[in-house]
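Participant: Here it is, the structure in full.
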Protein chains: 2
Amino acid sequence: MSVDPRLSINQATIKYADLATALRVTADAGIQAIGLWREPVNEVGLPIAAKMLADSGLRFTTHCRGGFFTLPDGPARVAALDDNRRAIEETATLAAAGATGSTAILVLVAGGLPEGSRDLAGARERVRDAIGELAPDAAAAGVTLAIEPLHPMYVTDRAVVSTLGQALDIASDFAPSVVGATVDTFHVFWDPDVYTQIERAGREGRIATYQVCDWKTPLPADVLLGRHYPGDGVIDIASLTRAVEGTGYAGDIEVEIFNADVWAADPAHVVRRTAEAFGEAVSPHLSAALDSA
Amino acid sequence: MSVDPRLSINQATIKYADLATALRVTADAGIQAIGLWREPVNEVGLPIAAKMLADSGLRFTTHCRGGFFTLPDGPARVAALDDNRRAIEETATLAAAGATGSTAILVLVAGGLPEGSRDLAGARERVRDAIGELAPDAAAAGVTLAIEPLHPMYVTDRAVVSTLGQALDIASDFAPSVVGATVDTFHVFWDPDVYTQIERAGREGRIATYQVCDWKTPLPADVLLGRHYPGDGVIDIASLTRAVEGTGYAGDIEVEIFNADVWAADPAHVVRRTAEAFGEAVSPHLSAALDSA
């Protein structure tokens, strides 16, 4: 089975692989692209990471992740914004180092409620403000900030941005090349408005990246880890993928799985299994496949 | 501390108390109202349950619960609708037996995806169809069906109705006296549109019942049981309560807590603790309190 050329492995899927291993197993599996995480990149240092990425021949699709800027004014907020500026620089550097077709996209996870706060609306306003502060830096670096709405079960401890519509509302203050959205099947599939908002996101030029994984119940004890290989759960990945493709999205598609069993497996096996799952659950619904059907 | 006259104990908060115990501890605590569940009612039989309720002197606020009608056509769907018709009758009987001010409200939990299905849109349409089949029975019995949007983490295994706006869209096909919505802080607080939709629900006369409990993280291993006493978590119960009150809602307010620790405690203690929590977290934001402030 040939590997879909649009598949990108998000490094979180093989969380315990270091950067060298992640790049190697991905390329060895015949996969053409990868999305990286800041921690393993900074473990080796940015210049070396960029060199390793270039040597791998892989396209670079996203950098994960910025955000976590719901704090009120003060030193911690300043530090968070400074850290996001470093993430923007990393994104630009890695995108330049990746193979032709790499994209400079920084995924933003908004952050939850500050300790002791019940003010969701206020936290959401601070997300908008923070993106406003970072947008000039992103524009200067040629980086797109991709606001990721997270499933509402993470609203208070991880991301106060809970729907694609809300992400698009925030993004609307900025140019689409500077602020877009991350559309991740796991986070948005439940939304009664998801197809309307995907169409809107496409029309507004805001689909910065499309990520795919699956959902099934019961959720694990740590609800962060309930993500599965595409096709293993109950998300209608076919319809969501056709909807995203229908907007004209033609970029790489990441698979990002947080799952203790997947993380415990051999990363070389995981990337091959991911490629198979993608070929079965996603590829048949991509435009090229539909055109040739 | 006097007990707020608008507090109603939802029987699920003292899940392991039988009907007699539930009625006794609630009345003994000085609480005036109770919402019942079908299982403990049917354990003693409806006529006896109605007599026990009447003898308790408590108002009856809701019956929990109908719904679970996302199945496709077939015997199981017919059985589910028949069971809902029995629930409607139970609701009418209990409301007639409760003290003056009782309300005939049947809470509806939609149900999740049928086994093996990924078709959320289809399941949602079947909810609308089922309510259409039940509406004449509810109207004839003088019962209001209260569609309860559940938090999106339950979308596939428990309730495909995930937002208040979605519940109101379904309800809009029917008279407000026949089909309304359940507004439960735990299920709706995360929604960026919640205040808009509460205002809309009030304007459209659809707030059948308002329920209060709290959310905090980390969620427990069984995410169904992550509900807490009002004030113990991070939901902005003050603002939500003022928004509901602001629509003119003047009904009883239930506290419904699913929580293994609460369930393991002495029910007499739990209802007293609930009354205290309600007095601190909810009462100050009710219209009467605001008027006299």
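The values are calculated or read from the model by the stated rules, or taken from the named source; none is laboratory data. Quantities reported herein were computed from a predicted structural model and do not represent experimental measurements. Counting neighbours? That spans all protein chains shown, and the Cβs are built from the backbone with ideal geometry, glycine included. For accessibility, only protein heavy atoms count, side chains too; no ligands or nucleic acids. Shrake-Rupley method; radii C 1.70, N 1.55, O 1.52, S 1.80 Å.
Participant: B:Tyr154 passes all but one of (1) within 23 Å of A:Tyr154 (Cβ to Cβ); (2) crowded, with 24+ Cβ neighbours inside 10 Å; (3) in contact (Cβ under 8 Å) with a residue 40 or more places away in the chain; (4) under 17 Å from the mean Cα position of the chain (by Cα); which number fails?
Facilitator: All conditions pass for B:Tyr154, except number (2).
Participant: Turning to a different aspect of this structure: Does A:Ser102 count as under 23 Å from A:Ile257 (Cα atoms) and open to solvent by 10 Å² or more (accessible area, probe 1.4 Å)?
Facilitator: Yes, satisfied.
Participant: Going through the range B:220-238 one residue at a time, which ones are at the interface with chain A (Cβ under 8 Å from one of its Cβ atoms), free of Cβ contacts under 8 Å to residues at least 40 places away in the same chain and either open to solvent by less than 40 Å² (accessible area, probe 1.4 Å) or touching a strand residue (DSSP E or B) at 6+ places or on another chain (Cβ under 7 Å) (or both)?
Facilitator: B:Val234
Participant: From the list B:Arg86, B:Arg128, which one is within 18 Å of B:Ala171 (Cβ to Cβ), over 17 Å from the mean Cα position of the chain (by Cα) and surrounded by fewer than 21 Cβ atoms within 10 Å (Cβ to Cβ)?
Facilitator: On inspection, the qualifying residue turns out to be B:Arg128.
Participant: Can you tell me which of (1) within 19 Å of the chain's Cα centre (by Cα); (2) at pLDDT 95 or above is the one B:Glu276 doesn't meet?
Facilitator: Evaluating B:Glu276 over (1) within 19 Å of the chain's Cα centre (by Cα); (2) at pLDDT 95 or above leaves (1) as the failure.
Participant: So which of B:Glu133, B:Glu115 ends up being open to solvent by 10 Å² or more (accessible area, probe 1.4 Å), within 26 Å of B:Glu39 (Cα to Cα) and within 11 Å of chain A (Cβ to nearest Cβ)?
Facilitator: Just one listed residue meets the conditions, B:Glu115.
Participant: Any residue that is away from every other protein chain (no Cβ under 14 Å) and more than 18 Å from B:Asn10 (Cα to Cα) - is there at least one of those in the range B:61-70?
Facilitator: Yes, because at least one residue in the range B:61-70 is away from every other protein chain (no Cβ under 14 Å) and more than 18 Å from B:Asn10 (Cα to Cα).
Participant: Any idea which of A:Val244, A:Val160, A:Val143 is crowded, with 20+ Cβ neighbours inside 10 Å, under 17 Å from the mean Cα position of the chain (by Cα), more than 12 Å from chain B (Cβ to nearest Cβ) and in contact (Cβ under 8 Å) with a residue 60 or more places away in the chain?
Facilitator: Selected residue: A:Val244, the only one of A:Val244, A:Val160, A:Val143 that is crowded, with 20+ Cβ neighbours inside 10 Å, under 17 Å from the mean Cα position of the chain (by Cα), more than 12 Å from chain B (Cβ to nearest Cβ) and in contact (Cβ under 8 Å) with a residue 60 or more places away in the chain.
Participant: Kindly list the number of the only condition in (1) within 19 Å of the chain's Cα centre (by Cα); (2) over 16 Å from B:Arg272 (Cβ atoms); (3) β-branched (Val, Ile, Thr) that fails for B:Thr13.
Facilitator: That leaves (2) as the condition not met.
Participant: Which one of the conditions (1) open to solvent by 10 Å² or more (accessible area, probe 1.4 Å); (2) over 14 Å from the mean Cα position of the chain (by Cα) does A:Asp214 fail to meet, given that it meets all the rest?
Facilitator: Only one criterion in (1) open to solvent by 10 Å² or more (accessible area, probe 1.4 Å); (2) over 14 Å from the mean Cα position of the chain (by Cα) is unmet by A:Asp214, namely (1).
Participant: Looking only at the range A:163-176, which residues are outside any loop (DSSP other than H, G, I, E, B) and open to solvent by less than 30 Å² (accessible area, probe 1.4 Å)?
Facilitator: Once the filter is applied, which keeps residues that are outside any loop (DSSP other than H, G, I, E, B) and open to solvent by less than 30 Å² (accessible area, probe 1.4 Å), the range A:163-176 yields A:Leu164, A:Gly165, A:Gln166, A:Ala167, A:Leu168, A:Ile170, A:Ala171.
Participant: Which residue pairs have Cβ atoms under 6 Å apart, sit 6 or more places apart or on different chains, and have a first residue in the range A:185-209 that is under 15 Å from A:Val161 (Cα atoms) and a second that is among the basic types (Lys, Arg) and not in a loop (DSSP other than H, G, I, E, B)?
Facilitator: Between residues of the range A:185-209 that are under 15 Å from A:Val161 (Cα atoms) and residues that are among the basic types (Lys, Arg) and not in a loop (DSSP other than H, G, I, E, B), the close pairs are A:Phe186/A:Arg227.
Participant: While we're looking at this one, here's another question. Quick one: would you say A:Val183 is away from every other protein chain (no Cβ under 11 Å), open to solvent by less than 10 Å² (accessible area, probe 1.4 Å) and among the hydrophobic types (A, V, I, L, M, F, W, C)?
Facilitator: Judged against the criteria, A:Val183 is a match.
Participant: Regarding B:Leu53, is this residue touching a Lys or Arg at 6+ places or on another chain (Cβ under 6 Å) and under 24 Å from B:Leu145 (Cβ atoms)?
Facilitator: Here the answer is no, as B:Leu53 does not meet what is asked.
Participant: Answer yes or no as to whether A:Gln11 is polar (S, T, N, Q), open to solvent by 50 Å² or more (accessible area, probe 1.4 Å) and in contact with a helix residue (DSSP H, G or I) (Cβ under 9 Å, 6 or more places away or on another chain).
Facilitator: Answer is no for this residue.
Participant: Here's a follow-up. What is the one condition in (1) modelled with pLDDT of 95 or more; (2) over 15 Å from the mean Cα position of the chain (by Cα); (3) closer than 30 Å to A:Leu224 by Cα that B:Ala221 does not satisfy?
Facilitator: Evaluating B:Ala221 over (1) modelled with pLDDT of 95 or more; (2) over 15 Å from the mean Cα position of the chain (by Cα); (3) closer than 30 Å to A:Leu224 by Cα leaves (1) as the failure.
Participant: Read through the list (1) over 28 Å from B:Asp214 (Cα atoms); (2) more than 11 Å from chain B (Cβ to nearest Cβ), then give the number of the only condition that A:Tyr195 fails.
Facilitator: (2)
Participant: Just checking, how many residues over the range B:64-83 are open to solvent by 50 Å² or more (accessible area, probe 1.4 Å) and closer than 22 Å to B:Ala208 by Cα?
Facilitator: 3
Participant: Please tell me if A:Ala50 is within 14 Å of chain B (Cβ to nearest Cβ) and of a type outside the set (S, T, N, Q).
Facilitator: Judged against the criteria, A:Ala50 is not a match.
Participant: Another one. Which residue pairs have Cβ atoms under 8 Å apart, sit 6 or more places apart or on different chains, and have a first residue in the range B:49-63 that is open to solvent by 10 Å² or more (accessible area, probe 1.4 Å) and a second that is assigned to a strand (DSSP E or B)?
Facilitator: B:Ser56/B:Ile34; B:Arg59/B:Ser8; B:Arg59/B:Ala33; B:Arg59/B:Ile34
Participant: Here is a further query. What pairs can you find where one residue is in the range B:67-88 and under 16 Å from B:Val107 (Cβ atoms), the other is aromatic (Phe, Trp, Tyr), and their Cβ atoms are less than 7 Å apart, with a gap of 6+ or different chains?
Facilitator: Between residues of the range B:67-88 that are under 16 Å from B:Val107 (Cβ atoms) and residues that are aromatic (Phe, Trp, Tyr), the close pairs are B:Ala80/B:Phe68; B:Ala80/B:Phe69; B:Asn84/B:Phe69.
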